[in-house]
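Working notes for the structure below.
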Amino acid sequence: MKVLLASPESEVWNSRKHIHMGLGYLAGSLLAHGYECEIWDASVESDIESLDEKLARDPFDVVCLSAPTPLIAQAWEAARTAKKHGAITILGGPHLTLMPHESMEKPEVDLVVRGEGEYTIIEIMRALEKEVSSFKFQVSGSNSLPVTPDTRYLTPRLFDPAAGWGSILGLSWRDKAGKIKHNLDRPLPDDIDAIPFPAFHMFKIDRYTNLNPLTDGLDMNARAFTIVTSRGCPYKCTYCSKPITGDTWRGRSVDNVIAEWEWLVKDLGATEIGITDDIWNLDKNRAKELCRALIKANLNHVPWVTIHGMKVNNTDAELFKLMKQAGCKRVGFGVENGDDWMLRHVIKKGQTVDMVRQAFKWSKEAKLQTMGFFIFGMPGETEESMEKTIRLSLELDPDLAHFMMAAPFPGTEMWETLKKHGDVFSDSMDWSQIAIQDDKAHFAFGDLDKETVERKWHEAHRRFYLRPKRIARIAVRKDTWQRFPYYLKTAANMLLGLGEREATAA
Ligand code: B12
Ligand code: SF4
């Protein structure tokens, strides 16, 4: 049985192309169990061949689609395409874990997987093998259209409980009567060393971008891979949606991480690596051990970065020094807000502004590039708190500042707050409108209107990036001139509010 693992076209994320670790892990698991599979990532494929063309030329029995909330409509569209070509469609990823029923109500979706999928996908393959002889489209009771390629997507696939579908944890499916069933959740796997490495070799790595073209020092044409050294995070920031990896932090052993890192560097020619953990430094001692092990294994000549924010309160000067020695080039921090009251009572981040200052000081002393993430327009925000955020960004002066609009993702505390008090949520929510890194405020809350949030967001970009010393710093960078048209468009959007609604930076 041939499986295609696909990521749909992204309209919200188009400035950078990173490999999709979820698909990599699923492929690793399928290969380890002897299943034939391929990865198809629209962000690097669709310019060459559409999914429709690909499936017409090269049919697959099963098409797996992955989707975060803003991409769910594209995932449904891809599922319709896949069904037209006769494939079984399985959807998984963050949005499906949060809202499985919504997708199960779509006839183009045959199965939904909730949570981490490495074990579930194998159990599905085994159940499919049991049903293989009856692989015919079964029309559900309510729908009696003749089954042709054009109407196949209207005919959801029904499954025989005798194949064991009811016991696959984390799965949503339809029984023979067309009834939607949501099985029990799958507990998070504790031992993530036992999960096969992602099938890194299956990515067309030359088509992906480097990890962040907006900072200097990284190779524009790098062979950039990402790595997950731990899963989960025990913090409960009110804006954060972490439906997949959950609240329980699970670290891989240092040896296991080093073995994967070695494979990336020595066999696959990685010239840049990004850690994408939710919180890679939760266990500070383990983080230090990992740095020491990278040095010992002579892997520190390949630059690496922390793609997402490190947690400022789990750091010390020694950690940053070790990171530098281990080859780290740049650290990112979730600063979020310059107002301690907002951090404590609204964002619930478990950090103070002083902790942020300290972490920036240590990392700069260690000669690491710094990156700061700042959020505008959280519920309870005031013009004054946003002003404090702008001032803090100027004071910290990271190499890169990402100013983002608060985005209410389902499942977060912010979502619940806004559902009670906001008028943003209509019955026909357009999920593609929920994106961070966008220039439009997503809601008004209390006395704060959208216009003020958008004005302060643009002001933040102007005040941060249009300082003479910033302009000088940017002007001497080689990549500024290599990607001049792109930067010009980004600047017009972020600084002046011109241009299309588009996500442009991380
Ligand atoms: C690294 C990362 C990125 C990277 C790379 C993204 C990528 N394509 O992998 C970059 C920086 C590009 C990125 C961009 C975005 N991201 Co992001 N990202 C992450 C992060 C930190 C880690 C992802 C990861 O590597 N996970 C590890 C792998 C193993 O897990 P996974 O990908 O979820 O896959 C597992 C399961 O979901 C499941 N699964 C997934 N798909 C499928 C499909 C099938 C068929 C099956 C069976 C199973 C299955 O099985 C996989 C293996 O266990 C997560 C936070 C998190 N921990 O989830 C946020 C996160 C996924 N991102 C998020 C968002 C919002 C985005 C953006 C939409 C940002 C934006 N502009 O608004 C874009 C969308 C990009 C895109 N096209 O997908 C949100 C999603 C929230 C939501 N409700 O959907 C998260 C959860 C962050 C957060 N806390 O808010 N992101
Ligand atoms: S934002 Fe970071 S620290 Fe906060 S809950 Fe999410 S992953 Fe954890």
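The values are calculated or read from the model by the stated rules, or taken from the named source; none is laboratory data. No experiment lies behind these values; they were computed from the predicted model shown. Note that each Cβ is placed from the backbone with ideal geometry, even for glycine, and that neighbours are counted across all protein chains shown.
Numbers for the structure displayed
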item	result
Output for region 62-71, where each listed residue is in a loop (DSSP other than H, G, I, E, B) and either modelled with pLDDT under 95 or within 16 Å of ligand 2 (Cβ to nearest atom) (or both)	Pro68
Which listed residue, of Asn298, Asn285, Asn313, Asn337, is surrounded by 19 or more Cβ atoms within 10 Å (Cβ to Cβ) and of a type outside the set (Gly, Ala, Ser)	Asn337
Residues located in region 239-266, provided they are basic (Lys, Arg), touching a strand residue (DSSP E or B) at 6+ places or on another chain (Cβ under 7 Å) and more than 16 Å from ligand 2 (Cβ to nearest atom)	Arg252
Lone qualifier among Lys349, Lys321 - being within 16 Å of ligand 2 (Cβ to nearest atom), charged (D, E, K, R) and in contact with an Asp or Glu (Cβ under 9 Å, 6 or more places away or on another chain)	Lys349
Residue within region 374-390 that is in the same structural domain as Asn314 (by TED's automatic domain parsing), of a type in the set (Phe, Trp, Tyr), closer than 28 Å to Gly274 by Cβ and within 16 Å of ligand 1 (Cβ to nearest atom) present	yes
Selection count where residues are in a helix (DSSP H, G or I) and either in contact with an Asp or Glu (Cβ under 9 Å, 6 or more places away or on another chain) or within 16 Å of ligand 2 (Cβ to nearest atom) (or both), scope region 45-57	3
Leu282 being of a type in the set (A, V, I, L, M), in the same structural domain as Asn313 (by TED's automatic domain parsing) and within 16 Å of ligand 2 (Cβ to nearest atom)	yes
Matching residues in region 421-455 - criterion: being among the small types (Gly, Ala, Ser), touching a strand residue (DSSP E or B) at 6+ places or on another chain (Cβ under 8 Å) and modelled with pLDDT under 75	Gly422
Every residue from region 92-110 that is among the hydrophobic types (A, V, I, L, M, F, W, C), more than 16 Å from the chain's Cα centre (by Cα) and either within 7 Å of ligand 1 (Cβ to nearest atom) or crowded, with 22+ Cβ neighbours inside 10 Å (or both)	Val109
Verdict on Ile275 being within 12 Å of ligand 1 (Cβ to nearest atom), out of contact with any Gly (no Cβ under 9 Å at 6 or more places or on another chain) and aliphatic (A, V, I, L, M)	yes
Matching entry among Arg126, Arg114 (being over 23 Å from the mean Cα position of the chain (by Cα), over 16 Å from Asp430 (Cα atoms) and at pLDDT 95 or above)	Arg126
Lone unmet requirement of (1) closer than 21 Å to Arg231 by Cβ; (2) more than 16 Å from ligand 1 (Cβ to nearest atom) for Arg250	(2)
Members of region 32-70 that are of a type in the set (Gly, Ala, Ser) and in contact with a Gly (Cβ under 9 Å, 6 or more places away or on another chain)	Ser66, Ala67
Number of positions in region 87-119 that are of a type in the set (S, T, N, Q) and more than 16 Å from ligand 2 (Cβ to nearest atom)	2
Check on Gly269, on the phi > 0 side of the Ramachandran plot and within 16 Å of ligand 2 (Cβ to nearest atom)	no
Residue list for region 75-97, filter: farther than 22 Å from Gly24 by Cβ and outside any loop (DSSP other than H, G, I, E, B)	Trp76, Glu77, Arg80, Thr81, Lys83, Lys84
Residue check, Leu264 within 27 Å of Ala407 (Cβ to Cβ), away from ligand 1 (no atom under 12 Å from the Cβ) and either out of contact with any Gly (no Cβ under 7 Å at 6 or more places or on another chain) or of a type in the set (A, V, I, L, M, F, W, C) (or both)	no
Filtered residue count, region 26-44, keeping only those that are within 24 Å of Glu129 (Cα to Cα) and either within 16 Å of ligand 2 (Cβ to nearest atom) or among the hydrophobic types (A, V, I, L, M, F, W, C) (or both)	8
Within region 11-37, considering residues that are outside any helix (DSSP H, G or I) and closer than 20 Å to Arg126 by Cβ, the one farthest from ligand 1 (Cβ to nearest atom)	Gly34
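Per-residue answers, yes or no, for (1) surrounded by fewer than 17 Cβ atoms within 10 Å (Cβ to Cβ); (2) under 30 Å from Ser241 (Cβ atoms):
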residue	(1), (2)
Asp439	no, yes
Ala444	no, yes
Leu448	no, yes
Thr452	no, yes
Arg462	yes, yes
Pro468	yes, no
Arg473	yes, no
